[in-house]
Amino acid sequence: MDLQTVNANVSRVPFFRFLNFEVQSLDNLHAAAEMTFESRHIGNPVMEYYHGGIIASLMEAIAAIAVRPDFAEAPAKPINLTVDYLRPAVKGPLYACANVTRKGKRIASVSVISWQTAREKPIAEGLYHFLLV
Amino acid sequence: MSDITQKKREQIAQMWNARGKGLISHMELEIEEVSTEGVKVRMPFNPDFCVDREQTLLHGGILTALLDSVFGLANFVAIEGVSTMATLDLRVDYLRPAHSRADIIVRAHCFRQTRHIAFNSGSIWFDGHEDAEIARGSASFALTHGETSMFEAIRKGKAS
């Protein structure tokens, strides 16, 4: 699956347009994306921090793409997630990278990290489970 | 115990109205019930939050965002003198596909508070289908207390 096709598919999903992200790299069981800051992403209007739910949404989106890059055909079904919020995300681009830790016949586990200035200073870390059947 | 003062009600209304920008205003949330025992909030159907071209299936992420928001409201109502709160962690179980154009109803409450931490849980269903929950979540929040609440700061347009 090439990046251009994946991003064309991303642009057809209403909620992905709402998030406004681009898949920047994709290989077997890894995917990374950059999200553009929008005022509709704000959770704390005083500090202009991202809403935690938007961060979790970006991480869920890129996790699903890492599991099934051809999500336009049959997207992986999300089962559940846990997110650890480590730092506030400020106005500016937000990056997320998903790594499929296990992909079985029915279930996949995906670990996702998001950051802004440096990967060593993560904004949030998440674990996502998907049903593949 | 479950009654909240008029002052607090006004503060709550102010807080939600003050969010002229950001995700919470975009979700167009309406508070249906509010007490220290918990809150009930309605989110109208919004095609922007869907994943399919027919726009009938909501993305899980918006349910997660909704829980996070409503937990914040529940804490603000239940905890006296809270100044700031930050989500520490969040767990969400997606119990069914969110396949409908009905309004979404969320119920959430703070089931334990300490000086520094609040613990929350909540459920989501489509209006009229309370027996078929689509998601359930729990979260913990780090709290700070102080004279100036973050909502006062929003009103004054200053950082707390």
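The values are calculated or read from the model by the stated rules, or taken from the named source; none is laboratory data. Fair warning: this is a prediction, and the values are worked out from it, not measured in the lab. No Cβ is skipped: glycine too gets one built from the backbone with ideal geometry, and neighbour counts run over all protein chains shown.
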>> Every residue in the range A:83-120 that is crowded, with 16+ Cβ neighbours inside 10 Å, facing chain B (nearest Cβ under 9 Å) and closer than 17 Å to A:GLU60 by Cβ, please.
In response: A:VAL83, A:TYR85
> Looking only at the range B:3-31, which residues are at pLDDT 90 or above, surrounded by fewer than 20 Cβ atoms within 10 Å (Cβ to Cβ) and under 11 Å from B:LEU73 (Cβ atoms)?
Replying inline: B:ILE31
>> Which numbered condition in (1) of a type in the set (Ser, Thr, Tyr); (2) facing another protein chain (nearest Cβ under 7 Å); (3) under 20 Å from B:GLU30 (Cα atoms) is the only one that B:SER100 fails?
In response: (2)
> With respect to A:GLU48, is the statement that it is out of contact with any helix residue (DSSP H, G or I) (no Cβ under 8 Å at 6 or more places or on another chain) and more than 14 Å from every other protein chain (Cβ to nearest Cβ) true?
Replying inline: no
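Determine whether B:SER83 is at the interface with chain A (Cβ under 7 Å from one of its Cβ atoms) and among the polar types (S, T, N, Q).
For B:SER83, the condition - at the interface with chain A (Cβ under 7 Å from one of its Cβ atoms) and among the polar types (S, T, N, Q) - is not met.
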> Looking at the range A:22-55, which of the residues that are surrounded by 24 or more Cβ atoms within 10 Å (Cβ to Cβ) and without any contact (Cβ under 8 Å) to a residue 12 or more places away in the chain is nearest to the chain's Cα centre (by Cα)?
Replying inline: A:GLY53
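Could you check, for the range B:96-105, whether at least one of its residues is within 14 Å of the chain's Cα centre (by Cα) and either in contact (Cβ under 8 Å) with a residue 12 or more places away in the chain or surrounded by 15 or more Cβ atoms within 10 Å (Cβ to Cβ) (or both)?
yes
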> Does at least one position in the range B:59-73 carry a residue that is crowded, with 16+ Cβ neighbours inside 10 Å, of a type in the set (Phe, Trp, Tyr), touching a Ser or Thr at 6+ places or on another chain (Cβ under 9 Å) and facing chain A (nearest Cβ under 10 Å)?
Replying inline: yes
> Of the residues in the range B:114-160, how many are within 26 Å of A:PRO45 (Cβ to Cβ) and either modelled with pLDDT under 95 or in a loop (DSSP other than H, G, I, E, B) (or both)?
Replying inline: 18
>> I'd like the residue in the range B:32-58 that is within 19 Å of A:LEU58 (Cα to Cα) and surrounded by 20 or more Cβ atoms within 10 Å (Cβ to Cβ) and, out of all such residues, is farthest from the other protein chains (Cβ to nearest Cβ).
In response: B:LEU58
> Does A:ALA66 satisfy the condition of being facing chain B (nearest Cβ under 7 Å), out of contact with any Cys (no Cβ under 7 Å at 6 or more places or on another chain), crowded, with 23+ Cβ neighbours inside 10 Å and aliphatic (A, V, I, L, M)?
Replying inline: no
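Kindly provide the set of residues from the range A:7-21 that are surrounded by fewer than 16 Cβ atoms within 10 Å (Cβ to Cβ) and either assigned to a helix (DSSP H, G or I) or free of Cβ contacts under 8 Å to residues at least 40 places away in the same chain (or both), ordered by number.
A:ALA8, A:SER11, A:ARG17
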